[in-house]
Amino acid sequence: MSEPGLSARGLRVEFGLPGGRTARAVDSVNIRVAPGEVVALAGESGCGKTTLARALLGLERPTAGAISYDGTPLRYSTRALKAYRRSVQLVLQDPTGALNPRHTVYDAVAEGLRIHRIADNESDRVATALSHAGLRPAEKFFLAYPHELSGGQRQRVVIAGALVLDPKIIIADEPVASLDASVRGEILALLLRLRDEFGLGALVVTHDLGLAWSIADRIAVMYLGRIVEQGPAEQVLTDPQHPYTRALVSVLPDSPVPGPIVLSGEPPDATSIPAGCRFHPRCQVLASGAAEAAGVADQCRATPLPVLADDVGAGVSGDDPTRQVACHYAAAATRSEA
Amino acid sequence: MSAQSSGQTALTSARAIAWARRRAALAGFWREYRTQRTGLVGLAFLLMVIALALATPWVTDAGGLDPTKVHGGRLDAPSLAYPLGTDELGRSVLLLTLWGARVSLLVGVTATLLAIVIGSLVGILAGHFGGWTSWVLMRLADWFIVVPTLVLAMVLLLVLGSNLFTIIVVIGVASWAGTARLIRAQTLAVEGRPYLERARALGAGHWHQMSRHVLPNVMPLVLASTTLQVASAILLESTLSFLGLGDPNQISWGTMLHRAYEAGAVSYGAWWYLLPPGLGILVVVLCFTLCGRAMESVVNPRLRGGGR
Amino acid sequence: MTLLEVRDLHVTYHSSRGVIPAVRGVDITVEPGQTLGVAGESGCGKSTLALALLRLLPKSAEVTGQVRLNGDDVLTMTWGQLRAVRWAGASIVFQGAMHSLNPVHRVARQIAEPILLHENVSEAEAHGRAVELLGQVGLPAWRARSYPHELSGGQRQRVMIAMALACEPDLIIADEATTALDVMVQAQVLDLIADLVAQRGVGLVMISHDLSVLSAHCQRVAVMYAGKVVELGAAHDVFADARHPYSDALASAFPVIGDVAARHRPRGLGGDPPDPADLPGGCSFHPRCPVAVAECRAAEPQLLPIGASPRLSACFVAQQGKPVRPGTVKEPVT
């Protein structure tokens, strides 16, 4: 069965480091982005979310696992990658750096067309992409240089540069993190509008759960190279099951999770992933003894958790089958409820 | 200049506007350059020398270079007929100096262009591809840097035989390595920019990335370094010619010095034979250096003094 | 006595681009043990304000008004007094601790340095104090022997805080001190700062673009726009129920999880913060304002109390008691 959209199975990306060590930045991830849905990929810096995004774009070659688009596995030949890039496009964090200062807006947006040798109606296509990105009238911006635009306009140019190839999926890495706060909403509204009007799917990589709340349909929370909780954004964010997600949500203002639960320590590094549940050294549930009381403390320390499937399989919390948590304690709690 | 003002022009003239913008960029460069006083002085003298060199065939008679057709005495001191005296064959030193400027400038500029082309190519390839490509290319460059340029050039000239063409090639081959290192460093800096990542995500191949993004961004540095390198190419040509490795059929400042030395101008006290080519080399090298430094500080504002 | 009292502070830069008024008449006060947040976007003058408080601005900046720290005017005091103030009176924690630490010295030595310089203590005592301070900011004693590059971003930021505390200041100014940190590390550092404020009774001025963080960690917050305070009030009230359209927009950039109104409805303002060298006439916010009326284009509103609440707002619409959020939200064309 071919499933529409972008999906990754068992994706693993490893980097060799000096000293012969290996960093497992992405460690067995299943993820899927369907057309017309916005998926947030959340986590702290160093959790592997950017590496995962780069791998999904074919910019990083995975060590293991496969990426497929509309059911067709991605191959890494130059030609296959080029074709793939008409479907899956990238929006970078910093629009100032993402635009060549020596290229005009027109050149920046037309770049994709020129790379893919789409010569017909170039200026019409550029104008359409710019106006879809909210830069109207588009002709007014054609010959402007990036430094003549505001931060929000620059990010719209970057988005237009992606849209010009008519992609089905956009991967946006912290699309608003470097923009001024008051401008962020506009760019996020644009992503939502593209989803509604063109059925565009988006994977939004972010550390900001508030942002995920305002635009994401589904959310996947990543910790140390693996997705630890995923499901509909509303459910995951208002009632997180994984202790890590709970902690992340609890430190936000007016959080639905009582707290704040401030985790001690920094995220451990990807060269030495703890045994058992990879979160257990920092886990507040384990530290408080609640896991011990539920009889899962030994499992937390020693038994590895299964990799979460992308959106099939049995959910641990009964209300929604797409809701999944990789946590021994949460699984035990669900079992005792049942 | 804002998006609004440029928007009033129709797209049909996009190319014209792109040119207008290039002109504006050039004007901006000139505005910055103008603030560099030494650079302006260098440029003025340089333009003068170039104008003289270009005008020489029209204002002078090439026949004066033929020893069989001249009437001057051997190593005559400056006089009204020969303002800078004569050489050992009785030719006007002034005439020789003017004609010599042409060869010196020609060799300097062409050899530099060759060196810059090789250096840029190697530097960009090494910076863009990295890995073993970079390793091989950079070890090659290291070899050229370590081997003394003069010795290398001498050996190559002895092997290839000396004429104008081989001199240019030899100087170019002997001096590309420094440029390659410079360009590679700059390429690496550009490679780290997000817009290259964006281009890759758009599906850009290596050629697109190098020609559309890397090259335009290293170009200003290349230009500045070219200007500086012309000076050293002229010096190298003069040195080689002075050592007797120049093209015997061409008159350059270096060959003039060589012949003056051979003819015993030093012991004879014929300063008028030694000074003009020597000063010519000095002035041209200084001018190119001043211009190059000025351009360098325009394209790389960090080098500008007094900024902090 | 009021710890920090800023009266009618103006800072004007004279540069090649002309005269740039970066801060245009700011009045704020901080009592001991109080925390004041200053919110605003790039170019609103909040960092200039922070630097002006300790007279750290370049010479090209023209500063007028008063900055009273424990009653003494920082702007008129002698260099000797100023030095004393900078070490013992107030200290400032900047963003980006990686550049503020000397890479070739161990962190304990860097913390001990100001103590050695300004207090008559032995090297061993100063080192002991440094280790103690590291403990207070939640770093184990063995970290004292680390070099900055061996620490993570959060740990370096804590070292910066320990340095700021070294001479026991009365006032701490944190300029985007936690912005570059992850949510969790940010929470750790902010908790730490809050504890210190509570335990030692120091005053805290926290400067950030993130109104949600300020609302959670400060008692009062001042929202700045184009060099002026446009709204001042209890932090949580400003965040949850803004009385200036700009604060409202800023607050909605940080949606609260569980707030159904924010779900799938991101809100923002068109345009960018204004160029301080070329401010619009009237209310400087009016070109971006969703509720601007004719009056806003004509005159600049003063910071006035709104109703009976201890809230100040510089908005004609809010001063007339009208809502500052437009009824229908639609994405304006850029």
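Miscellaneous remarks
This table checks each residue for (1) out of contact with any Asp or Glu (no Cβ under 6 Å at 6 or more places or on another chain); (2) surrounded by 23 or more Cβ atoms within 10 Å (Cβ to Cβ); (3) more than 10 Å from chain C (Cβ to nearest Cβ).
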position: A:199; (1), (2), (3): yes, no, yes
position: A:203; (1), (2), (3): yes, yes, yes
position: A:212; (1), (2), (3): yes, yes, no
position: A:219; (1), (2), (3): yes, yes, yes
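- Output for the range C:209-223, where each listed residue is in contact with a strand residue (DSSP E or B) (Cβ under 6 Å, 6 or more places away or on another chain) and over 12 Å from residue C:312 (Cα atoms): C:211, C:214, C:218, C:219
- Filtering the range A:218-261 to residues that are of a type in the set (Val, Ile, Thr) and farther than 11 Å from residue A:279 by Cβ leaves A:219, A:227, A:236, A:238, A:249, A:251, A:257, A:261.
- Test for residue A:257: is it at the interface with chain C (Cβ under 7 Å from one of its Cβ atoms), hydrophobic (A, V, I, L, M, F, W, C) and more than 15 Å from the chain's Cα centre (by Cα): no
- Residues located in the range A:53-98, provided they are more than 17 Å from residue A:29 (Cα to Cα), within 9 Å of chain B (Cβ to nearest Cβ) and without any contact (Cβ under 8 Å) to a residue 60 or more places away in the chain: A:78, A:81, A:82, A:83, A:84, A:97
- Residue match in the range A:284-302 (condition: assigned by TED's automatic domain parsing to the domain that holds residue A:335, of a type in the set (Lys, Arg) and under 24 Å from the mean Cα position of the chain (by Cα)): no
- Positions within the range A:187-220 being acidic (Asp, Glu) and touching a strand residue (DSSP E or B) at 6+ places or on another chain (Cβ under 9 Å), in sequence order: A:208, A:217
- Only residues that are within 14 Å of chain A (Cβ to nearest Cβ) and out of contact with any Gly (no Cβ under 6 Å at 6 or more places or on another chain) were counted across the range C:193-218, and they come to 13.
- Test result for residue C:189, within 30 Å of residue C:286 (Cα to Cα), β-branched (Val, Ile, Thr) and either buried (at least 22 other Cβ atoms within 10 Å of the Cβ) or more than 13 Å from the chain's Cα centre (by Cα) (or both): no
- Flag if residue A:173 is at the interface with another protein chain (Cβ under 10 Å from one of its Cβ atoms) and at pLDDT 90 or above: yes
- If you go through the range C:261-278 and keep only what is more than 9 Å from every other protein chain (Cβ to nearest Cβ) and either free of Cβ contacts under 8 Å to residues at least 60 places away in the same chain or among the polar types (S, T, N, Q) (or both), you end up with C:261, C:278.
- Among the residues of the range C:219-236, those identified as modelled with pLDDT of 90 or more and over 28 Å from residue C:12 (Cβ atoms) are C:219, C:234, C:235.
- Taken over the range B:39-84, the residue count meeting the criterion of being of a type in the set (A, V, I, L, M), over 28 Å from residue B:230 (Cα atoms) and in contact (Cβ under 8 Å) with a residue 12 or more places away in the chain is 3.
- Given (1) closer than 30 Å to residue A:50 by Cβ; (2) within 14 Å of chain A (Cβ to nearest Cβ); (3) in a helix (DSSP H, G or I), index of the condition residue B:220 fails: (1)
- Residues within the range A:93-126 that are crowded, with 23+ Cβ neighbours inside 10 Å and not hydroxyl-bearing (Ser, Thr, Tyr), tallied: 10
Every residue, every condition in (1) among the aliphatic types (A, V, I, L, M); (2) crowded, with 21+ Cβ neighbours inside 10 Å; (3) free of Cβ contacts under 8 Å to residues at least 24 places away in the same chain, yes or no:
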{"position": "C:122", "(1), (2), (3)": "no, no, yes"}
{"position": "C:125", "(1), (2), (3)": "no, no, yes"}
{"position": "C:134", "(1), (2), (3)": "yes, yes, no"}
{"position": "C:143", "(1), (2), (3)": "no, no, no"}
{"position": "C:174", "(1), (2), (3)": "yes, yes, no"}
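- Boolean, residue A:58 is in a loop (DSSP other than H, G, I, E, B), under 18 Å from the mean Cα position of the chain (by Cα), assigned by TED's automatic domain parsing to the domain that holds residue A:179 and within 22 Å of residue C:183 (Cβ to Cβ): no
- Candidate set from the range A:116-161 (those that are among the small types (Gly, Ala, Ser) and within 11 Å of chain B (Cβ to nearest Cβ)); member that is farthest from residue A:186 (Cα to Cα): A:123
- Evaluation of residue A:188 against the conditions (1) over 14 Å from the mean Cα position of the chain (by Cα); (2) at pLDDT below 90 shows that the sole unmet condition is (2).
- Failed condition for residue C:153, given (1) crowded, with 21+ Cβ neighbours inside 10 Å; (2) within 14 Å of another protein chain (Cβ to nearest Cβ): (1)
- Qualifying positions in the range B:17-35 - more than 20 Å from the chain's Cα centre (by Cα) and not aliphatic (A, V, I, L, M): B:19, B:21, B:22, B:23, B:28, B:31, B:32, B:34, B:35
- Reported count of residues in the range A:1-46, each being at pLDDT 90 or above and part of a loop (DSSP other than H, G, I, E, B), is 4.
- Taking the criterion of being part of a helix (DSSP H, G or I), surrounded by fewer than 18 Cβ atoms within 10 Å (Cβ to Cβ) and not charged (D, E, K, R), the residues of the range B:249-273 that qualify are B:261, B:266, B:267, B:268, B:271.
- Whichever residue in the range A:237-263 is modelled with pLDDT of 90 or more and farther than 23 Å from residue A:281 by Cβ and, among such residues, is surrounded by the most Cβ atoms within 10 Å (Cβ to Cβ): A:237
- The sole residue among C:16, C:42 that is surrounded by fewer than 19 Cβ atoms within 10 Å (Cβ to Cβ), at pLDDT below 90 and more than 21 Å from residue C:228 (Cβ to Cβ) is C:16.
- Checking each residue in the range B:52-89 for being assigned to a helix (DSSP H, G or I), more than 23 Å from residue B:105 (Cα to Cα) and hydroxyl-bearing (Ser, Thr, Tyr) picks out only B:68.
The values are calculated or read from the model by the stated rules, or taken from the named source; none is laboratory data. Because the structure is predicted, anything quoted here is derived from the model rather than measured. With ideal geometry, Cβ positions are generated from the backbone for all residues, glycine too; neighbour counts draw on all protein chains shown.
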